[in-house]
Amino acid sequence: MSRILTEILLSWKSDRPSTVTHVLAQYVEHPHRLRCSVAVNEDGRVVGFQTLKIAREGNPYDLPDGWGIIGTYVDAEATGQGVGKALFVSSLEAAQDAGLAEIDATIGDTNVSGLAYYEALGFRTYQSKPGAVCKKFTLS
């Protein structure tokens, strides 16, 4: 997971952390985590992961308490192979089990593939921020 995150952040020219310790704390063991799903290929290599957290008061995205916060990271070599779609099936199940009404995906405004991915899943733009587009998925 750290390898994938590091590669993605390098491509974005981002200085966000991507160490194993960071990945464990922010995605796997985060106290507001509802689910963190991992996709592996036939060789057992991690090719993607998706995290779903529940927003609590004071969250860094300034979302309403009880919304979902989703993040998706897929190895560049695995894009277009259905990895993200498969990961969302798991996250959607967790969101339904938790009774979420909305899931937010805040995406960099230059991340064309990320914006298209979330749009294809049914996320719709509800707000723009400097450098980011906020999309939400409404659970029925």
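What is the dipole size for the chain, taken about its Cα centre, with +1 at each Lys and Arg Cβ and -1 at each Asp and Glu Cβ, in debye to the nearest 20? Let's see the in-between values first.
On the way: 13 positive and 16 negative charges, 30 e Å.
Approximately 140 debye in magnitude.
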task = State to the nearest 20 debye the size of the charge dipole of region 31-103 about its Cα centre, where the only charges are +1 on K and R beta carbons and -1 on D and E beta carbons.
result = 80 debye
remark   = Projected onto the charge dipole of region 1-139 (unit charges on the beta-carbon of Lys, Arg, Asp and Glu, signs +1, +1, -1, -1), the Cα from 133, 86, 6 with the largest positive-side position is that of 133
request  = With only Lys, Arg, Asp and Glu charged, each at its Cβ (+1 for the first two, -1 for the last two), find how big the charge dipole of region 74-140 is about the Cα centre; round to the nearest 20 debye.
outcome  = 240 debye
key: For region 1-58 versus region 85-140, the gap between their alpha-carbon centres in whole angstrom   = 16 Å
query = How much FRET efficiency would the formula 1/(1 + (r/R0)^6) give for residue 101 and residue 42, where r is the Cβ-Cβ distance and R0 is 35 Å, rounded to 0.05?
reply = 0.40
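From Cα pairs below 8 angstrom and at least 6 apart in sequence, can you work out the relative contact order of the chain, rounded to a whole percent?
18 percent
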message = So if each residue of separation counts as 0.36 nm, and I subtract the Cα-Cα distance between residue 129 and residue 61, what length gain in nm does that give?
response = 23.4 nm
task = Report the full-extension gain for the segment residue 24 to residue 7: residue separation times 0.36 nm, less the Cα-Cα distance, to one decimal in nm.
result = 4.4 nm
task = Taking the dipole about the Cα centre of the chain, with the C-beta of Lys and Arg at +1 and of Asp and Glu at -1, give me whichever of 27, 49, 113 is farthest to the positive side.
result = 113
remark   = Of the DSSP H helices in the chain, the ones reaching 15 Å or more along their long axis in Cα terms and averaging at least -1.0 in Kyte-Doolittle hydropathy are 83-98
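Rule-based calculations on the coordinates, nothing more; no lab input. What you see is a predicted model; the values in this text were computed from it and never measured. Because the Cβ atoms are built from the backbone with ideal geometry, glycine has one as well, and the counts that use them run over all protein chains shown.
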